[in-house]
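The values are calculated or read from the model by the stated rules, or taken from the named source; none is laboratory data. The structure presented is a predicted model; accordingly, all values stated were derived computationally and were not measured. Here the Cβ positions follow ideal geometry from the backbone for every residue, glycine too, while neighbour counts run over all protein chains shown.
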Amino acid sequence: MAAASLAGSSLPLPVSERPRTARVSAFSRARAASPMTWRVVSIGSPRARSGRCVAAAAGGGGGLAPAMRETLDKVVTSNKVVLFMKGTKDFPQCGFSHTVVQILRSLDVPFETLDVLANEALRQGLKEYSSWPTFPQLYIDGEFFGGCDITVEAYKSGELQETLEKAMCS
Amino acid sequence: MMASRGTGAVLSRAARMRQKLQSALEANVLDIEDVSYQHAGHAAVKDNANETHFNIRVISSKFEGQSLVKRHRMVYDLLNDELNSGLHAISIVAKTPKESGS
């Protein structure tokens, strides 16, 4: 399991939640079926950590450390569906992360999330690893699938469902 | 606040983004909408609350044959400096002229 193999690595990654089957409530289904709305303003959860959600302070790259790359290789394949997000499944700290969680829940797929706000090294490493400067980042079957926009678009077109089905059967 | 004086002075982020995207992508359509106000209560947006979130719609033949991920990466790459200087998030719609039916 990912958590076990990572525990001994030089870069402990907080697995924010154990993999588990996403619960689907009638509520999330209804919400996901309705046109996506960008509810970002209302995200302020009591656990919001002010100042943590700041934009990339990363300088001009500098190359991804091999140890980091190896670790990330393991993480993205630790589960069929891995979402790197701001906050946790139950307390997303960003509207875009929230949207992707809602979509995955509505599709009833098990997925693991990692909170990039809890680990700055992970956050910076991922930007380079994925060649993608923002979060959330969705990985399916070890492959970078996209950020929020792409996930929403693929969800609407049915491509996301297809990709997930393939991944689950592989 | 810095006052803009004449040409070549201080461009807004939106204007810089427009320049960079337009010249590199030779876009047929380039809409840049500042939606920072929607994120005013966001933890990221404190003192420098201006121009942090944008919606961008680009129609460019340079996207021909490119996956969505690649198209978005092209846009992100062009805006790298902005992302490193306070641009927090952009929502991207990237289409080819054919896809947009224009």
Subject >> A:E120 being under 10 Å from the mean Cα position of the chain (by Cα) and either over 23 Å from B:K70 (Cα atoms) or facing chain B (nearest Cβ under 9 Å) (or both) >> reply: no
Original post:
Quick check: is even one residue across the range A:65-81 in contact with a Cys (Cβ under 8 Å, 6 or more places away or on another chain), more than 20 Å from A:E159 (Cα to Cα), touching a residue at least 40 places away in the same chain (Cβ under 8 Å) and of a type in the set (S, T, N, Q)?
Top reply: no
**OP:** Return a yes/no flag: does the range A:40-61 have any residue that is modelled with pLDDT of 90 or more and surrounded by 15 or more Cβ atoms within 10 Å (Cβ to Cβ).
**Re:** no
**OP:** Return a yes/no flag: does the range A:154-161 have any residue that is closer than 19 Å to B:I56 by Cβ, more than 9 Å from chain B (Cβ to nearest Cβ) and not polar (S, T, N, Q).
**Re:** yes
Subject >> Verdict on A:M168 being more than 22 Å from B:N84 (Cα to Cα), assigned to a helix (DSSP H, G or I) and more than 14 Å from chain B (Cβ to nearest Cβ) >> reply: yes
Original post:
Among the candidates A:T134, A:T88, A:T99, which residue alone is more than 20 Å from B:L79 (Cβ to Cβ), polar (S, T, N, Q) and within 14 Å of chain B (Cβ to nearest Cβ)?
Top reply: A:T99
Subject >> Answer residue from the range B:72-102, given it is at pLDDT 95 or above and part of a loop (DSSP other than H, G, I, E, B) and is nearest to the other protein chains (Cβ to nearest Cβ) among those >> reply: B:L79
Original post:
Can you tell me which of B:A9, B:A49, B:A27, B:A44 is hydrophobic (A, V, I, L, M, F, W, C), in contact with a strand residue (DSSP E or B) (Cβ under 9 Å, 6 or more places away or on another chain), at pLDDT below 95 and assigned to a loop (DSSP other than H, G, I, E, B)?
Top reply: B:A44
Original post:
Any chance the range A:120-130 includes a residue that's over 18 Å from A:G63 (Cα atoms) and aromatic (F, W, Y)?
Top reply: no
Subject >> Single match in B:V58, B:V69 (criterion: more than 10 Å from chain A (Cβ to nearest Cβ) and not acidic (D, E)) >> reply: B:V58
